[in-house]
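The values are calculated or read from the model by the stated rules, or taken from the named source; none is laboratory data. Keep in mind that what you see is a predicted model, and the values were worked out from it rather than measured. Note that each Cβ is placed from the backbone with ideal geometry, even for glycine, and that neighbours are counted across all protein chains shown.
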Amino acid sequence: MRFLGQVMVITMKDLRAEMRTKEAINASFAFALVVLLLLSFAFEPTEDTMREISGGLLWIVFTFAGTLVLNRSFARELPNDCLDALIAAPIPGPALFLGKAMANFVLILAVELVALPVFGIFYNVRWTRQFWPLMLVVVLGTWGLTSIGTIFSALTVNIRLREVMLPLLVYPVLIPMLLGAMRLSALLVSGQAVTGDDTIWFKLLFGFDIIFTSLALVLMDTVLLG
Amino acid sequence: MLVLAAALLAGNLYVIAHLADEMRQGQIFRIIFFHVPAASAAMIGSAVALVASVLFLVTKNFKYDALAVSVTEVGLAFLAVNLVTGSIWARVIWGVWWAWDPRLTSALICWILYAGYLILRQALEEPTQRATFAAVYSIFAFTDVPIVYFSIRWWRTIHPQPVFFSKTGSFPAEWGRAFGLNMLAIFLLYAALTKIRLRQEETQREIDYLRRTVHAF
């Protein structure tokens, strides 16, 4: 219980700090919009094209916009030695990781939930037909993005070219999750239900989230103190 | 060790060149003698890198860090060989240089992950931090490797089904010996190159130590 309390303290701190300035979330919204706009020039949004590319397009937007939030996550702690203060605080590394990850999760999910209707409007796609399965995919995929992004944000916080290194390291590790999320999203956005062979992607997403969250919890102390 | 590897390879090339043509594939089948061992060597290499990374995090002994980076760097080269030979084979048999099926894609992802490992190492200057963070990244990267191996069984794929462990493939007996020898040769080559790289790492550390001693850093 104490662990959860500590996690909540970190999560609320991060969310409160973000809500007061809204830097990362505004930049992320704007970036998602820009990418959606640019991608609309790349394709003729006909029914058939959209059925094929919607999943991929959505997750590219989500991943790129999410990286902006994730970069800020630990970068925000650099001025005034806040990172040292966090490391010295009497909370275990895993609690710090979970706190930051949950705050990032909320922020990235907010951006995605705004980007989805915009996507629907720009590309003339009725994406609400399989709403709850789609939400499940979004939540699972975003948690995968967040957990890996948070620990890599901690890893890259002090190295030069941090803004470039974070995407470079995170995206390849994310690929299995993206594979599953894109295929499922493409199906669900076009209104089809997920059946038969395709349910393996859900298992992949679950497994991916569990494996990498556990790994991140175990390795967070090493990253903070290394 | 390098001499032994070279000798084995040279001998095997002779054997392979004189094997009878396979029925359906013509000359190009011979590429499997290099393509598959390169892949296996890279896989074993990444497993060694994982063990070395974990051991470094546990013991903080830098020789494990040196082993991890050597094995990964050589593995990157062998994985590149795997991808390129696969591409050449694909162009001849399937008519395309590349196909986005899970097996090929996973191999490419593996390559990118380990390239990322090396790029991360370059970005970190302080040796302890570099070793620690690289070890953490290596652990994350390794979890992709099983997906490469199992993807051929999990997803529909156009990659040929594994020949040794399934009932549907066929592999004539006289090839087995040449294949086994070539596998050994390539593994030895891998070990020899790793040893060379390891010696480089040790020398680098010694130079750093000497520099620190005379305050020339």
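Of all residues in segment A:149-174, those satisfying the criterion of being β-branched (V, I, T), within 12 Å of chain B (Cβ to nearest Cβ) and either surrounded by 20 or more Cβ atoms within 10 Å (Cβ to Cβ) or not in a helix (DSSP H, G or I) (or both) are A:I151, A:T156, A:V157, A:I159, A:V170, A:V173.
If you go through segment A:10-45 and pick out every residue that is within 14 Å of A:N71 (Cα to Cα) and among the small types (G, A, S), you end up with 3.
Only residues that are at pLDDT below 85, surrounded by fewer than 17 Cβ atoms within 10 Å (Cβ to Cβ) and within 13 Å of chain B (Cβ to nearest Cβ) were counted in segment A:175-224, giving 5. When segment A:47-56 is filtered for residues that are modelled with pLDDT under 80 and surrounded by 11 or more Cβ atoms within 10 Å (Cβ to Cβ), the ones remaining, listed by number, are A:T49, A:M50, A:R51, A:E52. Among the residues of segment B:106-138, those identified as surrounded by fewer than 20 Cβ atoms within 10 Å (Cβ to Cβ), facing chain A (nearest Cβ under 8 Å) and under 21 Å from B:E206 (Cβ atoms) are B:T128, B:Q129.
Among the residues making up segment A:117-148, a single one is in a loop (DSSP other than H, G, I, E, B) and either within 14 Å of chain B (Cβ to nearest Cβ) or more than 14 Å from A:L188 (Cα to Cα) (or both): A:N124.
Taking the criterion of being among the polar types (S, T, N, Q) and in contact (Cβ under 8 Å) with a residue 24 or more places away in the chain, the residues of segment A:174-221 that qualify are A:S185, A:S190, A:Q192, A:T213.
Of the residues screened, B:V96 is not one that is more than 14 Å from chain A (Cβ to nearest Cβ), closer than 16 Å to B:E201 by Cβ and of a type in the set (A, V, I, L, M, F, W, C). Within 20 Å of B:L181 (Cβ to Cβ) and either modelled with pLDDT under 70 or of a type in the set (K, R) (or both) - does that describe any residue in segment B:30-48? Yes - at least one qualifying residue is present in segment B:30-48. From the list A:A85, A:A42, A:A101, A:A89, the one residue that fits, being within 22 Å of the chain's Cα centre (by Cα) and of a type in the set (A, V, I, L, M, F, W, C), is A:A101. When we screen B:R103, B:R91 for residues that are charged (D, E, K, R), within 25 Å of B:F34 (Cα to Cα) and within 14 Å of chain A (Cβ to nearest Cβ), the only hit is B:R103.
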